[in-house]
Amino acid sequence: MDLEASDLSHLLINNDPPNAFQRTCLKQGAEALIKEIEDLRRSNALDPALEDLKCRLRQHKILLSPWRRIPLELISEILSHVELRPVLRWLERKELKWLCLVCKNWWHAAKLTHKFWSGLSFCFDPKDNLRWNLVADWFRRSGSAPRTLQLQIMSHSYSNCDKAKNCLLASSGLPELLAQGPALTRFSIRAADARCVQSLLHAIEARKPKSKRCPWDSVTSLSISDSAGKWGEDASKFLSKGIPPTLTTLALFLPSYPSDGAIPTFQVPKGPLSNLTTFHLQCHNWPRSFVIATLRNCPNVETLTLDLAGNLWECDGTTTSRNLSRAGIRLSNLKTLRLLHVHPDAATILSALKVQVVSHLEVSFMPFQSYSDFDWESDSEDPDFNYHFVDQTFSKSLWKFLQDGRQNTLQYLRIHACLIQCEVFDKIWRIESLRHLCLDDAVYDYDRKEFPELWKMVPRPVPNLEILELNDYQSEFIDLDGIEEVIRKRLDPPINLIFGHKRHDHCCC
């Protein structure tokens, strides 16, 4: 049978498996070709048609190959090892489309691989009238897998959003998608105007049924980012409505605090904070009173990230702020604490935290402008000018944070992007529970004391230390020979010295 001239010719130009009737026809055609080839060979005739018959037989065998009939479950298992991001952006969605176009079986197998359809991330302009029903159809293929939606709104989309009733985002199909499903587990929105986020949350609240739970109530992780700092007329109502009641993870990226203090009434509502176990708060240059009042409403938080980027902590000297600071912030369940873009003066926040089980602490002193124009390779005559100088103010705050050494659970300490005064190590060496110390682009003045001398500042320095990690170290500011000498002599337990590199734009991860 000549496949190219038959009704089966379409199988030659795709990877679709033949159905039962087509397989029967192909098997009969292959048997006929084999018989014809054998007859020609018996006759010992050098018939030029022999090669053509062999070529046709190969086509039949290819179409009957087991590779064309791999079970969907096996193809799905193969696809599950494809390296796609958990949350698909435009490029990953294009790669998924290529996988689906291999053949029908691959398309059906891709639909069975629920993780491919569980996460979406894209930028959009509310003026474009996005078809949100297609987004809903995408998520419906994800089965029971946890779903994630990440949105970034184009910054030029706010010209008509001076009032909530004009908000294009609130009047789009997004509030209906979030309120009526499919249900999401994680939702992230990045906007340039807090008014738009506020209008969206109010629109979701308006579309929720009053007597029963809705898909929006199943969101457990929420990320809200406002980059431009346009607050609208009444900032006190920001986040006052629409926050999911089951929220356990919140990332709140607030704009830098205005120099004229135009939004003093804003506080994160107490209700959404009380159930949080993971909280990321970016509040550049916000006063101490705001930070303390916010954290005191998070009694159950286990992982806390504070992005402060400013030194207003010490400058905020109001009576209320001082009283709050003295009373302290009790976070009994806190296990992981990260401080980002911290000015050394603001590191005193450590002394205000009352913790019991913290095991992981990271402090990054990198200035916020390092994302764009922080020059780490300057030819300046002063090699230290890029670094904040960290002195005993930090070590005293750290020691108070550890309850004068009685807190015996801290196992990991990371210090990033600073010049460390030698006396600071006097407190670090006294942390008996510490197992992993990471100095990430952090240097010290070893012209004053070489490392073996630093190591002898206390009788038994970090007795349980197992890993000393040096990332992005600069040899002219690190006594590497001295460090290696100390490690050779330390036998119980031995210390593993690790050299690594971490990108500056991820100052704590």
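Cross-link reach is defined here as a Cα-Cα straight distance under 17 Å, omitting same-chain residues fewer than 8 places apart; for Lys61 the lysines meeting it are Lys27, Lys35.
Rounded to the nearest 20, the size of the Cβ-charge dipole of segment 447-497 about its Cα centre is 360 debye, with Lys and Arg at +1 and Asp and Glu at -1. Of all lysines in the structure, the ones whose alpha carbon falls short of 29 Å from that of Lys449, not counting any fewer than 8 places away in one chain, are Lys396, Lys400, Lys427, Lys489, Lys502.
Since every read-out is calculated from the coordinates, none of them should be taken as a lab result. Everything quoted here is computed from the prediction, not taken from an experiment. Neighbour counts run over all protein chains shown; Cβ positions are idealised from the backbone, glycine included.
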